[in-house]
Amino acid sequence: MDFFNGMSALEMTYWITALLGSVIFIFIFIMTFTGGDIDGDLDIDDVSDGGVGFQFFTFKNVVAFFTIFGWTGVTCLDNGVSSETTLVIALIAGLLMMVATSALFFWINSLAESGTLQISNAIGQIGEVYLPIGAKRSKIGKISIKVQGGLRELEALTDDENTLKTNTIVEVIAVVSAELLLVKKINK
């Protein structure tokens, strides 16, 4: 408390805001890099940073705002800037930090791949029959096909006159439903 003796209420407010914001920021930083989940316990109306899109009002952004707001206020007052100007500069600095933090998380989220198969990406791809496919859509079989960089086994039908046997090379010509492909035999 000796540290705060002789300070004005405004200067003390900036220091407390800066110190508390910094402690919480360091805690979040450590938890982020050690795999801790702080959003699960500290979510308020689903403001976590893991969602889709540009998020401005998140817990991490609010902490960033108060940390920069406090340190900017302390710096301005120490350099003899007036109280009103200090408040404006600190608010602008805090808001800019929120924008920068939001943009950073938005950019990081855009780098991630969802891993969800887009079945339409299979159209035009060449595969191999894994389980026999009945002629004229009489029996669903399976094909092995490379889609979105990975080898997958997907269910398939055919309009061909003959049953497509195991190891037959096929081309995907359409998507019948969410998880069912229409294929045709490729003649060599």
If amide H atoms are built 1.01 Å from N in the plane of the peptide, which residues on other chains or at least 5 residues away come under 5 Å of the amide H of Thr163? Ala135
Region 16-30-region 128-188 distance, computed between alpha-carbon centres (Å): 57
Would you kindly derive the ³J(HN,Hα) couplings of region 127-134 from the backbone phi angles with the Karplus curve 6.51 cos²θ - 1.76 cosθ + 1.60 (θ = phi - 60°), listing them in order in whole Hz, with x for Gly and Pro? x, 10, 5, 9, 10, x, 10, x
Let me see the P(r) profile for the chain: every Cα-Cα distance counted, bins of 5 Å, each bin given as a percent of all pairs. 1, 7, 12, 12, 9, 6, 6, 6, 6, 6, 6, 5, 5, 4, 3, 3, 2, 1, 0
Non-local residues with an amide H under 5 Å from the amide H of Arg152, with H modelled 1.01 Å from N and Pro and chain starts lacking one, are Ile145, Lys146, Val147
Starting with the highest mean, order 3-16, 117-130 by the number of other Cβ atoms within 10 Å, averaged over the residues of each peptide. 117-130, 3-16
To the nearest 20 Debye, how big is the dipole of the chain about its Cα centre, given +1 on the beta carbon of each Lys and Arg and -1 on that of each Asp and Glu? 1400
Lys, Arg +1 and Asp, Glu -1 on Cβ, resulting dipole of region 119-185 about Cα centre, debye, nearest 20: 80
For region 119-185, state what percent of all Cα-Cα pairs lands in each successive 10 Å bin, counting from 0 Å until the bin that includes the largest distance. 26, 62, 11, 0
Given a Förster radius of 45 Å and the C-beta distance between Lys165 and Ser120 as r, what FRET efficiency does 1/(1 + (r/R0)^6) yield to the nearest 0.05? 0.95
The long-range amide H neighbours of Ile173, using H built 1.01 Å from N in the peptide plane and a cut-off of under 5 Å, are Gly124, Leu182, Val183, Lys184
Would you mind putting 96-109, 63-76 in packing order, based on average other-beta-carbon counts within 10 Å, highest first? 63-76, 96-109
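Read the figures in this text as sums done on the coordinates, not as results from a lab. It should be emphasised that the depicted structure is a prediction, and the values quoted were computed from it without experimental measurement. Reconstructed Cβ throughout: ideal geometry from the backbone, glycine too, with neighbour counts over all protein chains shown.
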